[in-house]
């Protein structure tokens, strides 16, 4: 009788739990984010609007409105050959922004740039030029000769990473890639390039001298002398600075000591400090020159190209 009671209680609890789950599912309604994508966001729509870039193996997604008024995106993806599902919470503000984004992108009022791009890269969206807007599309890629080596290229968007350079989000018809450019001047160079394209095309050498451009990466983005110098070693600079300062300081101190040998007053340390500073400055200039001359430019250019390769 005792075991029967426990069994009845267990069955009752199980029934209540299943009923609660069923009722909860009844109150989950598919929310159509836009008629442009319908109930289910497929792979092509995900690529077109750069949605869910953090999901690898993406297959489809639906937005659900819960009984409490909140929203979730239910994303189906493939991992190790198995189909899996995950839910991503969406605030009301995010939903409103996404609706506005898809509508404007569909109407051509803005380019298909990722709302998640800034969160994904940690950078600030920047416009390369008023002529091309927030992103460079296929026709602009062909016109200006950049990103032409990216298979199935769709568009590229730049994000500023503090003072360290940029992350370029590259969208193709099959994937979303990212390229890191550590030259903080690259967007300024591209702005000038697009603005004065006709004159640059007629005299590219003059443009390259102005910006100290010595090579290009596989995307057609310039590699400058300043970026290469930023990769140089500093052993000669450091050694010559310290050595020059110490040597000059020692020589001045030695001279001071000799000159005061027959005098009663104490030698002054001021000339020693001045000599050390001047010696260090001269050593720094000489060391920088040595480091600059020791740069293996072809090797560094190849390193930059590899580091910028879209991943």
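Just checking, does the range 137-147 include any residue being closer than 30 Å to residue 42 by Cα and in a loop (DSSP other than H, G, I, E, B)?
Yes, the conditions are met somewhere in the range 137-147.
Across the range 133-157, what is the number of residues that are within 21 Å of residue 184 (Cβ to Cβ) and modelled with pLDDT under 85?
3
Just to confirm my filter: which strands (runs of 3 or more DSSP E) fall fully inside the range 155-232 and include at least 2 residues that are without any contact (Cβ under 8 Å) to a residue 60 or more places away in the chain?
Here the list reads 166-172, 213-216, 222-224.
Could you check residue 67 against (1) part of a loop (DSSP other than H, G, I, E, B); (2) modelled with pLDDT of 90 or more and say which number it fails?
Only one criterion is unmet by residue 67, namely (2).
For residue 215, all conditions in the list (1) out of contact with any helix residue (DSSP H, G or I) (no Cβ under 9 Å at 6 or more places or on another chain); (2) modelled with pLDDT of 90 or more; (3) under 16 Å from residue 228 (Cα atoms) hold save one; what is the number of the exception?
Among (1) out of contact with any helix residue (DSSP H, G or I) (no Cβ under 9 Å at 6 or more places or on another chain); (2) modelled with pLDDT of 90 or more; (3) under 16 Å from residue 228 (Cα atoms), the lone unmet condition for residue 215 is (1).
Can you find a residue in the range 28-48 that is part of a loop (DSSP other than H, G, I, E, B), out of contact with any helix residue (DSSP H, G or I) (no Cβ under 7 Å at 6 or more places or on another chain) and at pLDDT below 80? Step through it out loud before you land on a result.
Quick first cut of the range 28-48, residues part of a loop (DSSP other than H, G, I, E, B) only: 28, 32-39, 42.
From what's left, out of contact with any helix residue (DSSP H, G or I) (no Cβ under 7 Å at 6 or more places or on another chain): 28, 32, 35, 38-39, 42.
Filter again for at pLDDT below 80, leaving none.
No, the range 28-48 has no match at all.
Which residue, of 212, 199, is over 26 Å from residue 296 (Cα atoms) and over 22 Å from the mean Cα position of the chain (by Cα)?
That would be 199, the only listed residue that is over 26 Å from residue 296 (Cα atoms) and over 22 Å from the mean Cα position of the chain (by Cα).
Restricting to the range 39-53, name every residue that is under 19 Å from residue 152 (Cα atoms), without any contact (Cβ under 8 Å) to a residue 60 or more places away in the chain and in contact with a strand residue (DSSP E or B) (Cβ under 8 Å, 6 or more places away or on another chain).
42, 43, 46 - these are the residues of the range 39-53 that are under 19 Å from residue 152 (Cα atoms), without any contact (Cβ under 8 Å) to a residue 60 or more places away in the chain and in contact with a strand residue (DSSP E or B) (Cβ under 8 Å, 6 or more places away or on another chain).
Return the only residue of 56, 84 being touching a strand residue (DSSP E or B) at 6+ places or on another chain (Cβ under 9 Å), in the same structural domain as residue 33 (by TED's automatic domain parsing), in a strand (DSSP E or B) and at pLDDT 75 or above.
Sole residue among the options that is touching a strand residue (DSSP E or B) at 6+ places or on another chain (Cβ under 9 Å), in the same structural domain as residue 33 (by TED's automatic domain parsing), in a strand (DSSP E or B) and at pLDDT 75 or above: 84.
The values are calculated or read from the model by the stated rules, or taken from the named source; none is laboratory data. Treat the numbers as computed from the prediction; the structure is a model and nothing was measured. Cβ: placed from backbone, ideal geometry, glycine included. Neighbour counts: every protein chain shown.
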